[in-house]
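Let me begin by presenting the structure, written as structure tokens, before commenting on it.
The values are calculated or read from the model by the stated rules, or taken from the named source; none is laboratory data. Quick caveat: nothing in here was measured; it's all calculated off a predicted structure. Cβ placement follows ideal geometry from the backbone for every residue including glycine, while neighbour counts extend to all protein chains displayed. Remember, those area values only see protein heavy atoms, side chains included, never the ligands or the DNA or RNA. Shrake-Rupley method; radii C 1.70, N 1.55, O 1.52, S 1.80 Å.
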Amino acid sequence: GYMVWQRRRGGSGREVECRLRDLASPEPTDATSVVLLEGRSGIRGLDAVVAYLPRHDVMSRLVEQSGVRTTVPFVVAASVVAACVGALLGAVVVRVPGAALGGAVLGLMVPTLVLMRKRSVRLARFEEQFPDALDLMARAIRAGHSFQTGLGMVADEVPAPVGVEFKKTFDQQNFGLPIRDALGALADR
């Protein structure tokens, strides 16, 4: 009901955001953005609760490493909804004492487990593609190109996830971040 009220009232500003996004880039936005988004849900109360979670930074890193285009508040909200559904299914279907609690705990863990699985698959693909990316960079440098040009070549020619991550690094150093910091951010991601 709150979201419908916000849309009718025009307070969400989605139309303006969409127009600005369309004007800023003619191509659709994807995971290669170097702009660090705070990951807001649009619901002030949920954002405030998530900001005070003790493991917020760990969850944020998990979302980033999994390559999923979502926000931490959305993952928290999905966990709460999954916990409610799990509790309901445990209480209605199983009808055993404690089944509702078990279903709630299981439902609470499902979104995080999905993100962890996606992260492990993405990291395995990254490890598989990384030697080829380094070989491409070495060949570019031997051919007389600069290190930054080699980064750009890897970003353009290697598929995701290595190409996407190198594209972020290439864009970050193009926008003025020192190459050491850009490579450090690549290592963290």
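Once each part is reduced to its C-alpha centroid, what is the distance from the range 145-185 to the range 67-140 in angstrom?
Each part reduced to its Cα centre gives a spacing of 28 Å.
How large a share of the accessible area of the range 96-158, in percent, is made up of carbon and sulfur atoms when the probe is 1.4 Å and the other protein chains stay in place?
Of all accessible area on the range 96-158, carbon and sulfur atoms account for 64 percent.
Can you sort 76, 114 by 1.4 Å-probe accessible area, starting with the largest?
Largest accessible area first, the list is 114, 76.
Would you please name the GluC sites (Glu not before Pro) within the range 88-189 that are DSSP coil residues with at most 12 other C-beta atoms within 10 Å of their C-beta?
Sparse-neighbourhood loop GluC sites (Glu not before Pro): none present.
Restricting to DSSP loop positions (anything but H, G, I, E, B) with no more than 11 other Cβ atoms inside 10 Å of their own Cβ, which trypsin sites (Lys or Arg not before Pro) remain in the range 41-120?
The qualifying sites are 55, 69, 95.
May I ask for the Rg/Rh ratio of the range 125-189, computed from Cα atoms with Rh as the Kirkwood radius, given to two decimals?
Taking Rh as the inverse mean 1/r over Cα pairs, Rg/Rh reads 0.94.
Between residue 142 and residue 120, with labels modelled 7 Å along Cα→Cβ, what's the label distance in nm to one decimal, could you check?
Going by the 7 Å Cα→Cβ label model, 3.7 nm.
With θ taken as phi - 60° and the coefficients 6.51, -1.76 and 1.60, list the Karplus ³J(HN,Hα) couplings across the range 108-116 in order, rounded to whole Hz; mark glycine and proline as x.
5, 8, 4, x, 5, 5, 5, 5, 5
How many nm is it between the label spots at residue 106 and residue 80, if each spot is 7 Å from the Cα in line with the beta carbon?
2.3
Which loop-located chymotrypsin sites (Phe, Trp or Tyr not before Pro) does the range 159-189 contain, where loop means any DSSP state but H, G, I, E or B and the Cβ has at most 13 other Cβ atoms within 10 Å?
175
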